[in-house]
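Asks: This is the structure, below, for whatever I ask next.
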Amino acid sequence: MFMKSSQWLQADWTVGGRPGRPRKGAATVTPRRDLGVTKWGVRRARRTQRRSGRWAFLVRTSVIAAAVALLDTIDLLAALAAQRRRPLPTRPRFRRNIERHQQRPGAFVVTVLALFGRAGRDPSTDPPSRLRWAPSDSEQPVTAVATVDLVRYEKGLHEVADRVWAYLQPDGGWGWSNAGLVVDGEDALLVDTLFDLRLTAEMLEAMRQVTATGAIGTVVNTHANGDHCFGNALLADSDIIASARCAEEMEHLPPSTLAAMLRAASTLGDAGAFVSRIFAPFDFEDIPLTLPTKTFESELDLRVGDRRIRLLEVGPAHTAGDVVAYLPDEGVLFTGDILFHGGHPIVWAGPVSNWIAACDRILELAPSVVVPGHGPLAAPAAVSDLKEYFEFLTREARSRFEEGLTPMEAARDIDLGPYAGWSEAERLVANLHALYRDFGSDLPADALTLMGEMALLAS
Ligand SMILES: [Zn+2]
């Protein structure tokens, strides 16, 4: 029996018998001899098979190449359009961060979504802004690429995932902290209050627009610095949660101490002048100290409605009891002052090695969106940068410590290299004091001494 080559090809793939009549249970390929195919027929069939395989390969390759070229073009146009709408920040380091985020796989998808979703609209006219460019029924959390590339660094509420907001306060310098809000049904949780009652009231008013009842049942303080907890006084009826170490430190740093320091500033020399200048926009008079009502150690899992929030104690680092708040289902992480984005961190407590470990812990969580304690929203790359900063500073400090330089001499001597563009550079001397302390130094490093040295470095 002779068969056409197309029939043979079909027969060759038929297991255990003739086409259309498979033999039950058998799994052997029918010998070609049994099909009565000639040698010539087999060669011709193989040639045809090879040829059709080559054609299929060529067509597939061409389609893929054309698709890639098209997507690249769209990506380029979208990136140019996005950049025209919001020029990149001028700080070289920050600009490099953004460029790095843009190179991440998937960046073009977000950029295209942004182009078509936001074209012709000014985000500042949407109170509060939504940062979730994907369709609202999408299961995917917003990616860090979208956050870093497209979110304006503007005062106010910005939705960073479904019903999760960051409240930003540019420029992120001394006292200008960020906060966070998580809402589910009638439940709402606030991450940090602000430095004084006026600013906190303004923030709570903005938040009333997005909460069901206007009430905030739970407040988390990430640490004891006043710019993250003095506003607690306006939420005295809420559950206020912090690490036990944070709560203890808050008792020693009441608003009244800062108010008294400012009143006495004229007698405190350089430190007084510096504190007066950096804290001039804030009012600490008559703020009652409002302490946490619930404390924990190490970790605490919370729920806001059905949403999960995990509090992780990562201090002592910036302060004695630093906590970060993580939403595992949304991939959003509120760092408190473990991250100052675009500015120098300041090590009040240390050890610095613990702060580096905190960075590692955040990076292991691989969040999509990082809400820093100060500065614009970030991607995890900003946490990597911070870790590298501390590793760099540890090396630079160690050699100068061994040479016998004071922290102030070391601060004046160190070439900050890639970190030269970070703001609040005067904090370098405080960070060197912390590292010297880690190395075993017992030089005085109380707040007034540090403020005085920072004043000199800033002048
Ligand atoms: Zn702060």
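Asks: Let me check I've understood the local charge: for THR193, count other residues with C-beta under 13 angstrom from its C-beta, Lys and Arg +1, Asp and Glu -1. What total comes out?
Replies: That works out to -3.
Asks: Sorted by packing (mean other beta-carbon atoms within 10 Å per residue), highest first, where do 238-248, 266-276 land?
Replies: Result, highest mean Cβ count within 10 Å first: 238-248, 266-276.
Asks: What FRET efficiency comes out for the pair SER441/LEU365, r = Cβ-Cβ distance, R0 = 30 Å, nearest 0.05?
Replies: 0.35
Asks: With the cut-off at 1.5 for a/c, could you classify the stretch 245-318 from its C-alpha gyration tensor as rounded, prolate or oblate?
Replies: prolate
Asks: Hey, what do the phi angles of the stretch 180-195 turn into as Karplus ³J(HN,Hα) couplings, whole Hz, using 6.51/-1.76/1.60 and θ = phi - 60°, x for Gly and Pro?
Replies: x, 9, 10, 10, 8, x, 8, 8, 9, 10, 9, 9, 6, 9, 9, 6
Asks: Now for a separate question. For VAL191, which sequence-distant residues (separation of 5 or more, or a different chain) have an amide H within less than 5 Å of its own amide H, given hydrogens modelled in the peptide plane?
Replies: GLY180, LEU181, VAL182, VAL220
Asks: If each of ASP306 and GLU251 carries a label point 7 Å out from its Cα toward its Cβ, how far apart are those two points in nm?
Replies: The two pseudo-label positions are separated by 4.1 nm.
Asks: Compare the Cα positions of PHE282, ALA260, VAL304 along the charge dipole of the stretch 201-307 (+1 at Cβ of Lys, Arg; -1 at Cβ of Asp, Glu; about the Cα centre) and return the one farthest towards the positive end.
Replies: So the residue we want is PHE282.
Asks: Is there a quick way to get the dipole size of the stretch 242-362? I mean about its Cα centre, with the Cβ of Lys and Arg at +1 and of Asp and Glu at -1; what is the value in debye to the nearest 20?
Replies: Value, rounded to 20: 100 debye.
Asks: Hey, with R₀ at 35 Å, roughly what FRET efficiency would ALA273 and GLU154 work out to, going by the Cβ-Cβ distance, to 0.05?
Replies: The calculated FRET efficiency here is 0.70.
Asks: Using modelled amide H (1.01 Å from N, peptide plane; none on Pro or chain starts), what sits under 5 Å from the amide H of ILE240, excluding residues fewer than 5 places away?
Replies: Here VAL219, THR293, LYS294 satisfy the definition.
Only the coordinates and a few stated rules stand behind these numbers; no lab work does. A quick note: this is a predicted structure, and the numbers were derived from the prediction, not measured. Because the Cβ atoms are built from the backbone with ideal geometry, glycine has one as well, and the counts that use them run over all protein chains shown.
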